[in-house]
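Rule-based calculations on the coordinates, nothing more; no lab input. These figures come from a predicted structure and were not determined experimentally. When we count neighbours, we look across all protein chains shown, and the Cβ atoms used for this are built from the backbone with ideal geometry, even at glycine.
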Amino acid sequence: MGKSGYVVRRLLRTIPIVIGVTLVTFLILHFTPGDPVRIMLGPYATQENIAILKEQYGLDHPLHIQYITWLGNILQGEFGTSIRYNRPVLELVQDRVGITLMLTLSGLFISVTLGSVLGIFAALRQNSWLDYLCTFQAMFWISIPGFWLAIIFLYIFGLQLRWVPIGGLTGFSSVILPALVIGLQEEAWFARPMRAEMLGVLNEGYISAARAKGVKYIRVVGIHALRNVMIPMITMLALRLPWVIAGSVVVEVVFAWGGMGSLLVNSVLARDFPVVQGILLIIAITVVLANLLADLVYSLIDPRIRVEGGKK
Amino acid sequence: MRKIVFLSMVLIMVMAFAGFVSAGDDSEVRIAVQVEPSKLNPITYQDTETGFVLGSICDPLITVDEDGSFSPNNAIIERFSVEEDGTVITFVIRRGIKFHNGDPLTAHDVKFTYESFMDENLGSPHHRYYTGIEDIELVGDYILRLTLEETDVTFLTLARIRGHVLPKNYIEEVGWDGYERHPIGSGPYKFVEHVPGSRIVLEKFDDYWGQEPSIDRVEFRFYPELSTAIMALRTGAVDFMPEMPADEFMDLEATPGSGLAFGTYQKMEDHRICFNKREDSIFNDARIRQAVAYAIDVNELIALTRGEMAVPARGRVPSFHPAFAEEANAYELNLEKARQLLEEAGYPDGFETEIFAPAGYRERIQEVQQIQVQLAKIGIKAEVVTVEWGTYLDVTADGEAPMFRERWSAGVPEPIGFVESWHSQSSWNPIFGVYNNPKVDELIDEIRRTIDDNERWKLYHQVQEIAMDDVADYPLYWPLVGDVYNENLHIPEELWDPFKIPIYYINHWSFK
């Protein structure tokens, strides 16, 4: 079995994980009090109205039938129709996934770059004031609740300084603050391991050897050392992805972006089962695939790592 | 170190260059709403925000004048008449009105709209208002005659198709799904696009028959977070925000140099405490409810949450309306009387109970917390329970909440919505804790049959007096609604009226 066999087996293994995620969310949602039809029709709905709609959305069947029906539809690529919006779930997601993707990726980009740069500096100047400053600022951002940081940033840069527009996705300038909020909050997760790994690597013999043979210092750090700290960084990237997606929910709401995060929140509040289930399924698949991708990238970066089952 | 400085400078410069905040231009008004309309369907919508948007796209069948009487002004009818003890209503439709796709609006469209509300399968929450229609008859292309099964003076208030005349041919062609994606009407603005999660854009309709809009484009922007919406308002990124929460409204009003203007109007709405009056509940006993009513200090509540933005209630119909019950018992604060009533009911030392409010409604939660403090003075230990909205609807309707904090809006001009739920046969009756008084049932039935206005207002007075003696609910206050807007926006004075409301007349707005 070669690499492709490994990938296939890994992919097969994701199926029970993904099904588990949907089953748990399905049960949580259905055991939370609150009826989607009653919420939709408001407090003044008649029993007949409620019954008609319940039948329409198949909510009158027992739970296990509802779940199995849903699962069967998913296997046929049918994500169902939103109760609240009366539109196909996939269409709702399609409309918004780009926004969430942009926010997540730009946030991750800032956190990785900033985290790496600060982590390297901290390692090179170990125990200096610069090192302490890097640690301090990383802890500072990570300790502030995301929504509060978002509002404060909007207040300073949007309302007081008028550098960026307030709310909405209206071009490049409107992306900066939301990405920065996510970036700063996540930055510590990359700065700390970067510093620790860098310190370890810099003490290795091959670094001394490289320097002894006259390689420029910046080249030693940038090429020789950096390459060796990439693995833990990629692991971290895959591990942090779900958290970044979760963080973007809050950021989207404050910045009025209306991506998948706010769709998810609204759908949970409305008990819009098909949408909540659909989005969580997509997120679960994304996270599992990201982890798989990270594993595959390891072997590209470090030839010593072979994927499981590969040639020794 | 130099690199960090350099990096941060680059970052700041990028922000400065990119951050050219475009100021609003005169041909567009941007309106901030907190909730995104779920579907633009006049038959089924539930949220006020959808009503705002559809209000500009569609034209009303009939409107209400400042004095609370029905009128053809700004409506698609030229005139209307009510005959045969109120059982026959005839609408004469204006000629020359066009839908946004160019089709003429005729009586066929009005008939179609009525039939859509009557169609059970379309699932309108207003469906039952239309069950009293016996016959809908077309008299030529521009006259429509409705025949009711019996006299019902509340019919035009409740069953005037929610102010939206729908295009029959278009809907038959594209279906309801197609309509929701691209709604058309005969109103001053036509639908351009709905960017999910972001905004709904409308554009001036050039062939509009009525007052020509002075502003070319209307954009409804969704700001789920209130503080973001307020900052957007202060920077001019949006021009108008309807129904601003009272405390924020007062804060902004007190901020000098904000560049904002403020307007208020009274609304057909009351805020009240409801009781579970079922037999197994302690509040089944009217004396206990009266004790609670005497113990609540409404003025303290208003000062806490609304300041100038509310009027203490007496009965349920707001004081600007002729059906306002001046004689109803308002239960001014009287702790002694409250204690005495508790003693008579057999609870001299009070009792423990719960008071529910929906989570996320800050104002209501603050108020029930204050009520908790007030009730403690007569020995009632009321635990405050906040539950998420969906759960709240369930527990209050199922009688699991002994006391709960409600808000109720009624249609205009007939205030039947305020008293209707007291009728033992009303489907709302159990939702607000079950109330059963044969005299009240009788009076409400009589209200529906009484055509003479003054006679009818008297019946309203009576029914409120009785229900207040029973404390069927305890009304707290009538709110004032506050809209905040760009001071360069001109909104005519006459729109600040409970029967008009500015956001439904954007075509009357202009920039100075």
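Tabulated results
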| quantity | calculated |
| --- | --- |
| 17 Å Cα-Cα reach of B:Lys168 towards aspartates and glutamates, excluding residues that sit fewer than 8 places from it in its own chain | B:Asp59, B:Asp103, B:Asp109, B:Glu115, B:Asp119, B:Glu137, B:Asp141, B:Asp177, B:Glu180 |
| Relative contact order (percent, whole number), chain A, Cα cutoff 8 Å, 6+ residue spacing | 28 |
| Relative contact order [Cα under 8 Å, 6+ residues apart], chain B, whole percent | 19 |
| Karplus-derived HN-Hα couplings along segment B:311-321 (A = 6.51, B = -1.76, C = 1.60, θ = phi - 60°), whole Hz, x at Gly and Pro | 10, x, 8, 9, x, 10, 6, x, 5, 7, 9 |
| Pairwise label distance in nanometres, A:Tyr217 with A:Ile152, each label 7 Å out on the Cα-Cβ vector | 3.5 |
| Number of partner chain Cβ atoms within 10 Å, mean per residue of B:197-203 | 5 |
| Between segment B:313-363 and segment A:134-152, the Cα center-to-center distance that results, in Å | 46 |
| Estimated [θ] at 222 nm from DSSP helical runs (n ≥ 4, -39500 (n - 2.57)) normalised by residues in chain B, nearest 500 | -9500 deg cm²/dmol |
| Calculated FRET efficiency for the pair A:Asp302/A:His64, C-beta based, R₀ 51 Å, to 0.05 | 0.60 |
| MRE, 222 nm, helices only [DSSP H, n ≥ 4, -39500 (n - 2.57), over chain A, to nearest 500] | -24500 deg cm²/dmol |
| Shielding of B:391-398 by partner chains, average beta-carbon count, 10 Å | 4 |
| Dimensions (Å) - segment B:101-159, Cα atoms, principal axes, largest first | 33, 24, 18 |
| Cα-based radius of gyration of segment A:91-271 once divided by 2.2 N^0.38 Å, which approximates compact folds | 1.20 |
| Residue order, fewest to most beta carbons within 10 Å, for A:Lys213, B:Lys39, B:Lys111, B:Lys377 | A:Lys213, B:Lys377, B:Lys111, B:Lys39 |
| Dipole-positive endmost among A:Leu108, A:Phe273, A:Ile152 within chain A (Cβ charges, Cα centre) | A:Leu108 |
| Cβ-based net charge around B:Leu341, under 15 Å, with every Lys or Arg adding one and every Asp or Glu removing one | -3 |
| Dipole moment magnitude, nearest 20 debye, chain B about Cα centre, only Lys, Arg, Asp, Glu C-beta charged | 1620 |
| Where GluC sites (Glu not before Pro) in DSSP loops with at most 16 other Cβ within 10 Å are excluded, longest remaining stretch of chain A | A:79-203 |
| Projected label distance in nm at B:Glu442 and B:Asn334, using a 7 Å step from Cα toward the beta-carbon | 2.7 |
| Neighbour net charge for A:Leu108 - beta-carbon separation under 13 angstrom, K R +1, D E -1 | -1 |
| Fraction of the pair-distance distribution of the protein assembly as shown above 53 Å, Cα-Cα pairs, percent | 22 |
| Förster-model FRET efficiency, 35 Å R0, A:Val8 and B:Glu115, C-beta, rounded to 0.05 | 0.05 |
| FRET efficiency estimate (nearest 0.05) - Cβ-Cβ, B:Ala254 to B:Gln211, R0 41 angstrom | 0.75 |
| Charge sum, other residues only, whose C-beta stays under 15 Å from A:Gly205's C-beta, Lys/Arg counted +1 and Asp/Glu -1 | +1 |
| Largest to smallest principal axis extent of the C-alpha atoms in chain B, angstrom | 84, 70, 39 |
| Set of lysines with alpha-carbon distance to B:Lys458 below 16 Å, sequence-local pairs under 8 removed | B:Lys439 |
| Fully extended contour minus Cα-Cα distance, from B:Asp103 to B:Glu137, at 0.36 nm per residue | 10.1 nm |
| Paramagnetic reach from B:Trp176 (point 7 Å along Cα→Cβ, amide N under 13 Å) across segment B:28-49 | B:39-46 |
| Leading residue at positive end of dipole, the protein assembly as shown (Cβ point charges), from A:Val97, B:Tyr223, A:Phe31 | A:Val97 |
| Estimated dipole of segment B:63-170 in Debye, rounded to 20 [Cβ of Lys and Arg +1, of Asp and Glu -1, Cα centre] | 600 |
| Residues of type aspartates and glutamates that B:Lys377 reaches as a straight line, Cα spacing below 19 Å, ignoring anything fewer than 8 places off in the same chain | B:Asp297, B:Glu300, B:Glu332, B:Glu336, B:Glu343, B:Glu344, B:Asp349, B:Glu352, B:Glu354, B:Glu367 |
| Extension reserve of the B:Glu400-B:Lys458 stretch, reckoned as 0.36 nm per residue once the Cα distance is removed | 17.3 nm |
| Computed label-point distance, nm, for sites B:Glu300 and B:Lys377 using a 7 Å Cα→Cβ extension | 0.4 |
| Selection from B:Ile371, B:Trp209, B:His194, by position along the positive dipole direction of chain B (Cβ) | B:His194 |
| Per-residue average of Cβ from other chains inside 10 Å of A:73-85 | 1 |
| Principal axis dimensions, largest first and in whole angstrom, of segment B:269-341 by Cα | 36, 26, 21 |
| For chain A, projected area of the alpha-carbon convex hull averaged over all directions, nm² | 21.3 |
| Burial ordering of B:Ile451, B:Ile501, A:Ile182, fewest other beta-carbon atoms within 10 Å first | B:Ile451, B:Ile501, A:Ile182 |
